[in-house]
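In what follows, a structure is listed as structure tokens, so that the remarks can point back to it.
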There are 2 protein chains.
Amino acid sequence: MNHIKEYRKAKKMSQYELSQAVGVARQTINLIENDKYNPSLSLCLKLAHVLDTDLNALFWEENNEN
Amino acid sequence: MNHIKEYRKAKKMSQYELSQAVGVARQTINLIENDKYNPSLSLCLKLAHVLDTDLNALFWEENNEN
DNA sequence: TCAATATGTCATATATATTTGACATAAAAG
DNA sequence: CTTTTATGTCAAATATATATGACATATTGA
């Protein structure tokens, strides 16, 4: 589970707007939010920047995942 | 530029040992250390756990990359 | 209640991460 | 000096992230 949806809503952005901001398709954002797949590091970095946060805030859980 | 090599050396691991610890090929570690490509988030998480650190420490630079 | 926008999902295509096997050189150990 | 281990790199194959177009339902707002 990642925290993209929370940070996106905090910025009042739609999935479409976020997708444009980071340069991917809307479906890509949707699938990532729903843990249907595994984004690349460079996309994670772009998401963190656009959402004014960092990698740990979006993707890190102290109690391990894969 | 990421900091995998530094953290790997701090743990006195070879590229091969690290690759086995996270379940990928040695070449994958080598290419990531040399910024030849763009690992998946799940691999980044595994690397952070094995190297006893977190995503920000390995991959985050305040002054943006891509 | 109706229209617009947002989200979830499917199927097909493409780009690229990752694997495997191999070889060369560098570095470390004997 | 010689042998082993570590690293960089290449080429071909495979797995999977991402794109594109489309459609259904949900949500929001007029």
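Values in this text are rule-based calculations from the coordinates and carry no lab data. Quick caveat: nothing in here was measured; it's all calculated off a predicted structure. For neighbour counting, all protein chains shown are included, and Cβ atoms are generated from backbone atoms with ideal geometry for every residue, glycine included.
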In whole µm²/s, the translational diffusion coefficient that Stokes-Einstein assigns to region A:4-56, given a Kirkwood hydrodynamic radius over C-alpha pairs, 20 °C and 1.002 mPa s, equals 198
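Counting Lys and Arg as +1 and Asp and Glu as -1, each charge on the Cβ, what is the dipole of region A:4-56 about the Cα centre in debye, to the nearest 20?
On the way: 8 positive and 6 negative charges, 36 e Å.
In total the dipole reaches around 180 debye.
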One decimal, nm, nearest first: from B:A57 to the same residue in each other copy, label points 7 Å out along Cα→Cβ, the values are 2.1
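If you count, for every residue in B:6-19, the Cβ atoms of partner chains within 10 Å of its Cβ, what is the mean? Mind dumping the intermediate values first?
Details: counts 0, 0, 0, 0, 0, 0, 0, 0, 0, 0, 0, 0, 0, 0.
Whole-number average of other-chain Cβ neighbours for B:6-19 is 0.
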Here the FRET efficiency for B:S42 versus A:K11, based on Cβ atoms and R0 = 30 Å and rounded to 0.05, is 0.75
In degrees rounded to 10, the 0-90 angle between helix A:41-50 Cα long axis and the longest Cα principal axis of chain A is 60
So for the protein assembly as shown, using the alpha carbon gyration tensor with a ≥ b ≥ c as root eigenvalues (a/c under 1.5 gives rounded; past that, a/b versus b/c decides prolate or oblate), I'd call it prolate
Note, region A:53-59: 3J(HN,Hα) by Karplus (6.51, -1.76, 1.60, θ = phi - 60°), whole Hz, Gly/Pro = x, goes 9, 9, 4, 4, 4, 7, 10
One decimal, nm, nearest first: from A:N34 to the same residue in each other copy, label points 7 Å out along Cα→Cβ, the values are 4.0
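Counting only pairs 8 or more residues apart or on different chains, how many lysine pairs in chain A have their Cα atoms under 17 Å apart? Could you put the intermediate results ahead of the total?
Working: A:K5/A:K36; A:K5/A:K46; A:K9/A:K46; A:K11/A:K46.
Within chain A, the lysine pair count is 4.
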Note: probe point = Cα of A:E61 + 7 Å toward Cβ; backbone nitrogen < 15 Å; residues of region A:1-27 passing the test are A:1-6
